[in-house]
1. When you go through 291, 259 one by one, which is the residue that is aromatic (Phe, Trp, Tyr), within 30 Å of residue 144 (Cα to Cα), modelled with pLDDT of 90 or more and not in a loop (DSSP other than H, G, I, E, B)?
2. Quick one: would you say residue 197 is part of a loop (DSSP other than H, G, I, E, B) and open to solvent by 10 Å² or more (accessible area, probe 1.4 Å)?
3. Among 213, 273, 220, which is assigned to a loop (DSSP other than H, G, I, E, B), within 19 Å of the chain's Cα centre (by Cα) and in contact (Cβ under 8 Å) with a residue 24 or more places away in the chain?
4. Is there a residue in the stretch 163-181 that is among the polar types (S, T, N, Q), at pLDDT 90 or above, within 22 Å of residue 376 (Cα to Cα) and touching a Leu at 6+ places or on another chain (Cβ under 9 Å)?
5. Among the numbered criteria (1) open to solvent by less than 40 Å² (accessible area, probe 1.4 Å); (2) polar (S, T, N, Q); (3) in a loop (DSSP other than H, G, I, E, B); (4) in contact with a Ser or Thr (Cβ under 8 Å, 6 or more places away or on another chain), which one does residue 183 miss?
6. Kindly list, by first and then second residue, each pair from a residue in the stretch 230-250 that is within 13 Å of residue 279 (Cα to Cα) to a residue that is of a type in the set (Asp, Glu) and at pLDDT 90 or above, limited to pairs with Cβ atoms under 9 Å and residues at least 6 apart or on different chains.
7. List the pairs whose first member sits in the stretch 345-367 and is on the phi > 0 side of the Ramachandran plot, whose second member is open to solvent by 40 Å² or more (accessible area, probe 1.4 Å), and whose Cβ atoms are under 7 Å apart, counting only residues at least 6 apart or on separate chains?
8. Could you tell me which of the residues 120, 77, 82 is touching a Leu at 6+ places or on another chain (Cβ under 8 Å) and either more than 27 Å from residue 374 (Cα to Cα) or open to solvent by less than 40 Å² (accessible area, probe 1.4 Å) (or both)?
Amino acid sequence: MSGLFFTYLEAASQSHVFEISTKTISNISFPETSFENLDLNSTSSVLIKMSRPQEPHRPSFPFGNPFRMILPKGSYLSPRLLDLLNNFENTLAERLRKLKPKGTEDVLSCSWMKSVMECLCETHKDIKILITDLELPVCDWDDKWIDVYLDNSVKLLDICIALSSELSRLNQGHLLLQFVLRNLDPASPKQPERSRSSLESWRKHIGSENPKLLKSLTILESLTESINLPKVKNSAKGKVLMRAMYGVRVVTVFVCSVFVSGFRGSADKLIDLHVADSYLWSKAFTDLQSFVNGEIRNVLCGGRVAVLKELEAVDTIMKKLYPMTQNGVDPFEDSTFQTLVSDLGKSAERLSEGLDLLTKEVDGFFQVVLSGRDALLGNLRVSPMKEDDVQQQRVLRSF
């Protein structure tokens, strides 16, 4: 090994004074047994000889341990695993780019929120596909991975229940809207007092806050604090899985935060997440989050309470109709009043359709999370950690 440098120390045992010299040793061949056959008592067998120093010698590298850079900890990602990971992240990036609204008027519209929930469902399904492609048996899962997933799935189910509860409450408000429209119908007997009462009932119902949404804020804070998944050692497949699951968690927290803030009509708990540039979907996510969260804050700073676009349209008309029923004058003969009632009917129908679509998507996400949790628990029951080779090859195909 020409050019190899060895530094050895020769010390005077009496004086403990060290003389350091460097020698170049060329054309040296080492036996395969390495240092096992060296005689440590022979000065001819070793190149380092010194008396016992008063303090141990500790080499210091100002730039870090070079051997850690040469031989990093962890498992090497094969081309196949790298391709699986890149496909997952590229797919996620493309979905996020498509979610960015074309204009501010699209933010928190029912159609856009439907697309957002569809994206979330598809992303969770992509994890199932990735687990299948990784061929990662449940028996090879680290306990921490399982604990994290089970804990997260419970929290997501609770958030789904809160969102479904709010959608149900808004649909109840639609029933009140139908009652309002019937009382405001020019063809029906003119009952101004009943019209005023129905308008007040609707405004009070919509203005109330859902306690389940308040509870979901605490859940979202918990998910955000623990958003970084456990580090993986000695498992290349595990690293791919954890990196992909991090992306799913980030998107999930973002979507749930937007939904909860939109339904509450408040941005005080709107969550902003930072994602490192090393993720292929980082830029697409950052652009989407910046645009959407920025628009939500702008809307709420302007004094508007109903952030959901279709609900805002109904609320705007109701605010115009309400004072027209308060002045003691019969408004039914007013052409402006009749136009507003007609517009209210159309807006109420669009709101009802939008809420129905959102309800189906939220229920669909609930089923995705629930089926994944049930599948994992089922695999844990039938595939104990120590099992025969057949059961050890069981793959979680319906995570």
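1. The unique qualifying residue is 259.
2. It is false that residue 197 is part of a loop (DSSP other than H, G, I, E, B) and open to solvent by 10 Å² or more (accessible area, probe 1.4 Å).
3. Result: 273 is the single residue among 213, 273, 220 that is assigned to a loop (DSSP other than H, G, I, E, B), within 19 Å of the chain's Cα centre (by Cα) and in contact (Cβ under 8 Å) with a residue 24 or more places away in the chain.
4. no
5. (3)
6. Cβ pairs passing all conditions: 243/89; 244/89; 244/126; 247/89; 248/126.
7. none
8. Being touching a Leu at 6+ places or on another chain (Cβ under 8 Å) and either more than 27 Å from residue 374 (Cα to Cα) or open to solvent by less than 40 Å² (accessible area, probe 1.4 Å) (or both) holds for just one of 120, 77, 82, which is 77.
The values are calculated or read from the model by the stated rules, or taken from the named source; none is laboratory data. Bear in mind the structure is a predicted one, so any value in this text is a computation, not a measurement. Heads up, the Cβs are rebuilt from the backbone with ideal geometry, glycines too, and the neighbour counts pull from every protein chain shown. We work out accessible area using only protein heavy atoms, side chains counted, and drop any ligands, DNA or RNA first. Shrake-Rupley method; radii C 1.70, N 1.55, O 1.52, S 1.80 Å.
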